[in-house]
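Notes for the one structure printed next.
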Amino acid sequence: MKQLKRGDIIGIFGGGQLGRMLAQAARGLGFKTHIYDPYPDTPAGRVSDTATAAAYEDLAAIRRFAQTCDVVTYEFENIPAASVAAASKLTPVFPSAKALATSHDRLTEKTFLAREAQAPTVGFGAVESMADLNKALDEFGAPAVLKTRRFGYDGKGQVKLSAVRDGKACFARLGGTDLILEAFAPFVREFSIIAARGQDGDIACYPLTENVHVDHRLHTSRAPASDSQLVETRAHDITHHILEALDYVGVMGVEFFELSGGDIVVNEIAPRVHNSGHWTQDAGCTDQFEQHIRAIAGLPLGSTLPTHKVEMTNLIGKDIKSAAKLARAAGTFVHDYDKKDIRPGRKMGHVNRVLGEE
């Protein structure tokens, strides 16, 4: 176990909003940060002590970056495994390369969840040909969801098959290779568990977070959420198994589907701080960004028990222009990501509204 001391440098792969909020949390705990991103002017870089602009494939630059850092982490999953491996030879990297590799590929992830973590999932099958797709459709039927195995987020790289006859067109639309078919989950609610595991193996889970998506993108999260079917304890237990199976260090987001009757299945995992955990910033507990820094720095984990109920709403595109007006309301806290270009569909910030005491 390596415990950082005041003034030590935390390296962060990625210069977006998550990296920005991680850097701000690190500063609050007395650490310095070094951002690595392909672009020279980033939201995270503007609040960091140092920034490197170089490609993720530039292993020489990766090594120079890692040599300046006492520990390295990342804000998103799609970092080349070779880059993480190169950094790991010079300084600790958390979460581990195994966690990153597991999340890179939807088939690898589902297989890990079902076999190693023994977590409940929907039925799934690898698809490399129409014969594979037809076999999977024979097993799971329709509706079902066909997805690319890599580089999918916010609904990208997936299509719903409403009927078996849609298979051929959907197969062609997604490129016809490196796909996974997942049985459809008739869920009544989507929720997530944000959790952290420290270097010493200590685990802390936040309460149930209820999520609402619009156009496949997270719109609102509310926590602590109601739990009429009493699923939170099981969700926490499943999350513990996942973290331990990966020997994980840091914060993770685990997304679940809740079914009628109280069954739950894991949809996916995110080995990083998560959009659905932003509510923690204004809930009166240790927020997910500080928690992640605590975990990777070898510090004790903070409290995950909120004193306030909070609803988080993403500010997408031009929504950010309403930030000043939103901030005037009592119990409302705006978090602007300092992105220069406003574009449709782009996450520009979020707003947390305190709904009352817990």
Quick count over region 237-264, residues being touching a Leu at 6+ places or on another chain (Cβ under 8 Å) and surrounded by fewer than 19 Cβ atoms within 10 Å (Cβ to Cβ), is 1
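Here's the yes/no breakdown for (1) of a type in the set (Lys, Arg); (2) outside the structural domain of residue 298 (by TED's automatic domain parsing); (3) in a helix (DSSP H, G or I); (4) in contact (Cβ under 8 Å) with a residue 12 or more places away in the chain:
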site: 1; (1), (2), (3), (4): no, yes, no, yes
site: 15; (1), (2), (3), (4): no, yes, no, yes
site: 18; (1), (2), (3), (4): no, yes, yes, yes
site: 23; (1), (2), (3), (4): no, yes, yes, yes
site: 26; (1), (2), (3), (4): no, yes, yes, yes
site: 33; (1), (2), (3), (4): no, yes, no, yes
site: 40; (1), (2), (3), (4): no, yes, no, yes
site: 43; (1), (2), (3), (4): no, yes, no, yes
site: 46; (1), (2), (3), (4): yes, yes, yes, yes
Of the residues in region 25-69, those that are in contact with a Phe, Trp or Tyr (Cβ under 7 Å, 6 or more places away or on another chain) and buried (at least 19 other Cβ atoms within 10 Å of the Cβ) come to 25, 34, 36, 43, 52, 65
Restricting region 149-206 to residues that are small (Gly, Ala, Ser), within 22 Å of the chain's Cα centre (by Cα) and part of a loop (DSSP other than H, G, I, E, B), the one farthest from residue 293 (Cα to Cα) turns out to be 185
Review point. Just a yes or no: is a residue in region 103-118 over 21 Å from the mean Cα position of the chain (by Cα), in contact (Cβ under 8 Å) with a residue 12 or more places away in the chain and assigned to a helix (DSSP H, G or I)?
Key: no
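Go through 23, 81, 44, 55 for me and flag whichever is within 23 Å of the chain's Cα centre (by Cα) and at pLDDT below 95. Walk me through how you get there before you give the answer.
Values: 23 fails: at pLDDT below 95; 44 fails: at pLDDT below 95; 55 fails: at pLDDT below 95.
Among 23, 81, 44, 55, only 81 is within 23 Å of the chain's Cα centre (by Cα) and at pLDDT below 95.
Any idea how many residues of region 80-95 are in a loop (DSSP other than H, G, I, E, B), touching a residue at least 60 places away in the same chain (Cβ under 8 Å) and in contact with a Phe, Trp or Tyr (Cβ under 7 Å, 6 or more places away or on another chain)?
Total meeting the criteria: 1.
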(1) more than 18 Å from residue 271 (Cα to Cα); (2) in contact with a Lys or Arg (Cβ under 8 Å, 6 or more places away or on another chain); (3) of a type in the set (S, T, N, Q) all hold for residue 162 apart from (2)
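The values are calculated or read from the model by the stated rules, or taken from the named source; none is laboratory data. Note that the coordinates shown come from a computational prediction; the quantities given were computed from them, not determined experimentally. Don't worry about glycine lacking a Cβ; one is built from the backbone with ideal geometry, like all the others, and counts go over all protein chains shown.
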